[in-house]
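The values are calculated or read from the model by the stated rules, or taken from the named source; none is laboratory data. Keep in mind that this is a model prediction, so the values were computed, not measured. Quick reminder, even Gly has a Cβ in these numbers, built from the backbone with ideal geometry, and neighbours come from all protein chains shown. Each accessible area value is taken on the protein alone, full model and side chains, heavy atoms only, with ligands, DNA and RNA left out. Shrake-Rupley method; radii C 1.70, N 1.55, O 1.52, S 1.80 Å.
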Amino acid sequence: LTMAWTAHKTKEAVEEHFEAEAEVDAKVARLAELVRNAGHFCCFTGAGVSTSAGIPDFRGPEGVWTLKAQGRVSTAPSTRVEEAWPTLTHMSLVGLQNAGVMKYLITQNCDGLHRKSGILQDRISELHGNCSVEECESCGMQYMRDFPCYRIGRGHDHFTGRYCNLCNGRLLEWTIDFGQSLPELQLKRAYHNSKKSDVMLALGSSLTVSPACDMPRNVGRKQDGHLVICNLQNTPLDELSDFVIHARTDQVMGKLMAQLGLPIPSWRLRRRVVFTSTFDEKTRTCEFHVAGLDADNDKIPASVFSRVEVLCINPDLRGVGEPTQLAEEPYIFKGGL
């Protein structure tokens, strides 16, 4: 499904602007003062926060929809989503979260980098989903994957070909197509936090896609609200903002963290594996379970392994047998003693 028709229509709209460093410094100092005095500081992010990770944006000069609308093909190198690392902007937002400065994050991005970076599940609304998450259409159980969860067919059916471990319902790619409803809980949390927000920083977004852009718009319209926009292009909400910073998000966030005296955490790949075992005295059999879990949420299974090999060693015998390969989740091995 292409949304090339949503690309910017004029040369002026596509054009990117870069402010002088001194002007950026002055604006970031103003932003830092707003953040220090905020009662409920929130951030809103778009594709522009992931471009330095090698993931193209949509409406920039070389954006996905821009190129399609112009009949061009990208020649720039890009990074596969599953191989992309969180950027300085992503990690700065984690630092703001961990310091208790940023109360909530609203994102249009479905690349999963915010969750990968360490943003907690209850501190973010992924309004357009997450391409590394599958959701059961029957019971709502979610599964975090180490790979993009592509649907197996074309059209609006998001079925990935896999089934829920709990109820055997179909697992769906957890992303949103144009015209589909946004995830209800994610949208509810986003509206709730934007309503409470007195300062919102919009990063790397064209602010043209509704209803997501309603969040910063509502903050900008408040009598006591402050909206600051960091984007290389002009946006429809510029006039509602306190000011616009025309600079790359990594540049602005690095300066903001320095102004606030907060460290930017280093990104590290986190994996969580749980081993459980049971032993039946009557049958003298053991049952072993190996499971991956989301690093921040015990209730979300995560695919960490492509397969598990179990090697049984009997101390009464010399040598060991061939390992047993478990190729499908859930990984369960049963053996006798």
Revision key, fill the gap. (1) within 21 Å of VAL133 (Cβ to Cβ); (2) open to solvent by 20 Å² or more (accessible area, probe 1.4 Å); (3) of a type outside the set (S, T, N, Q) all hold for LEU171 apart from (2)
Exercise for review: Examine the stretch 313-325 for a residue that is in a loop (DSSP other than H, G, I, E, B) and modelled with pLDDT of 85 or more, and state whether such a residue exists.
Suggested key: no
Point to revise | Of all residues in the stretch 127-137 being open to solvent by less than 40 Å² (accessible area, probe 1.4 Å) and under 15 Å from ALA302 (Cα atoms), the one that is nearest to the chain's Cα centre (by Cα) | key: ASN130
Point to revise | Failed item in (1) of a type in the set (Gly, Ala, Ser); (2) touching a helix residue (DSSP H, G or I) at 6+ places or on another chain (Cβ under 9 Å); (3) assigned to a helix (DSSP H, G or I); (4) modelled with pLDDT under 95, with ALA32 passing the rest | key: (4)
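Matching residues to (1) modelled with pLDDT under 95; (2) surrounded by 20 or more Cβ atoms within 10 Å (Cβ to Cβ); (3) in contact with a strand residue (DSSP E or B) (Cβ under 8 Å, 6 or more places away or on another chain); (4) of a type outside the set (Asp, Glu):
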residue: GLN121; (1), (2), (3), (4): yes, no, yes, yes
residue: SER125; (1), (2), (3), (4): no, yes, yes, yes
residue: CYS139; (1), (2), (3), (4): no, no, no, yes
residue: MET144; (1), (2), (3), (4): yes, yes, yes, yes
residue: GLY153; (1), (2), (3), (4): yes, no, yes, yes
residue: HIS156; (1), (2), (3), (4): yes, no, no, yes
Review point. So, in the stretch 189-228, of the ones that are open to solvent by 10 Å² or more (accessible area, probe 1.4 Å) and of a type in the set (S, T, N, Q), which residue ends up nearest to ARG30 (Cα to Cα)?
Key: GLN223
Check your understanding: How do the pairs read when you match residues in the stretch 282-308 that are of a type in the set (D, E, K, R) with residues anywhere that are open to solvent by 40 Å² or more (accessible area, probe 1.4 Å) and in a loop (DSSP other than H, G, I, E, B), using Cβ under 8 Å and keeping only pairs 6 or more apart or on different chains?
Key -> ARG284/LEU337; ASP296/LEU120; ARG307/ALA327
Point to revise | Within the stretch 229-239, tally of residues that are assigned to a loop (DSSP other than H, G, I, E, B) and open to solvent by less than 30 Å² (accessible area, probe 1.4 Å) | key: 5
Check your understanding: So is ARG221 touching a residue at least 12 places away in the same chain (Cβ under 8 Å), more than 24 Å from ALA99 (Cα to Cα) and among the charged types (D, E, K, R) or not?
Key -> yes
Exercise for review: Of the numbered conditions (1) crowded, with 24+ Cβ neighbours inside 10 Å; (2) modelled with pLDDT of 95 or more; (3) farther than 19 Å from TRP267 by Cβ, THR107 fails exactly one; give the number of that condition.
Suggested key: (3)
Exercise for review: Please work out which residue is farthest from the chain's Cα centre (by Cα), limiting yourself to the stretch 181-198 and to residues that are part of a loop (DSSP other than H, G, I, E, B) and under 28 Å from HIS158 (Cα atoms).
Suggested key: SER181
**Study point:** Failed condition for HIS114, given (1) open to solvent by less than 30 Å² (accessible area, probe 1.4 Å); (2) of a type outside the set (Ser, Thr, Tyr); (3) farther than 23 Å from VAL81 by Cβ
**Key:** (3)
Revision key, fill the gap. Subset of the stretch 97-152, residues free of Cβ contacts under 8 Å to residues at least 12 places away in the same chain and aliphatic (A, V, I, L, M), comes to ILE152
Check your understanding: Could you say whether any residue in the stretch 246-269 is in a loop (DSSP other than H, G, I, E, B), at pLDDT below 85 and of a type in the set (S, T, N, Q)?
Key -> no
Check your understanding: Inside the stretch 91-103, can you point out the residues that are surrounded by 24 or more Cβ atoms within 10 Å (Cβ to Cβ) and either modelled with pLDDT under 95 or not aliphatic (A, V, I, L, M) (or both)?
Key -> SER92
Study note, to complete from the structure: Residue pairs qualifying under the 8 Å Cβ cut-off, at least six apart or on distinct chains, with the first in the stretch 165-183 being closer than 18 Å to ASP146 by Cβ and of a type in the set (A, V, I, L, M) and the second being open to solvent by 70 Å² or more (accessible area, probe 1.4 Å) and not in a loop (DSSP other than H, G, I, E, B), are LEU171/ARG162; LEU171/TYR163
Exercise for review: Report whether or not LEU88 is in contact with an Asp or Glu (Cβ under 7 Å, 6 or more places away or on another chain), at pLDDT below 95 and surrounded by fewer than 21 Cβ atoms within 10 Å (Cβ to Cβ).
Suggested key: no
